[in-house]
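Comments concern the structure below.
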């Protein structure tokens, strides 16, 4: 029964709508330089009124390294 694994943590789009396609692309790494791995979810269908919609949701690990802080949504990021 999943012995040895931490409890499940649900990571979701904070503003979900049909057709967002959140989670089709996912990356992990230390995004904010705090020494803890974070997660980024691509939401390539999330429309915020832009002509080319896409959003990224960033989930950063909390200071206690026991879960994630509130998600940060980056609307229509440019490279």
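Rule-based calculations on the coordinates, nothing more; no lab input. For clarity, every value in this text was computed on a predicted model and none was experimentally measured. All Cβ positions, glycine included, derive from the backbone under ideal geometry; neighbour counts span all protein chains shown.
List 34, 46 from most exposed to least, where exposure is judged by having the fewest other Cβ atoms within 10 Å.
On the way: 34 13, 46 23.
Arranged by neighbour count, lowest to highest, 34, 46 become 34, 46.
By the count of neighbouring beta-carbon atoms within 10 Å, fewest first, 61, 24 end up ordered 24, 61.
How high is the FRET efficiency between residue 18 and residue 64 when r is their beta carbon distance and R₀ equals 30 Å, given to the nearest 0.05?
Details: r = 35 Å, r/R0 = 1.16.
The computed FRET efficiency comes out at 0.30.
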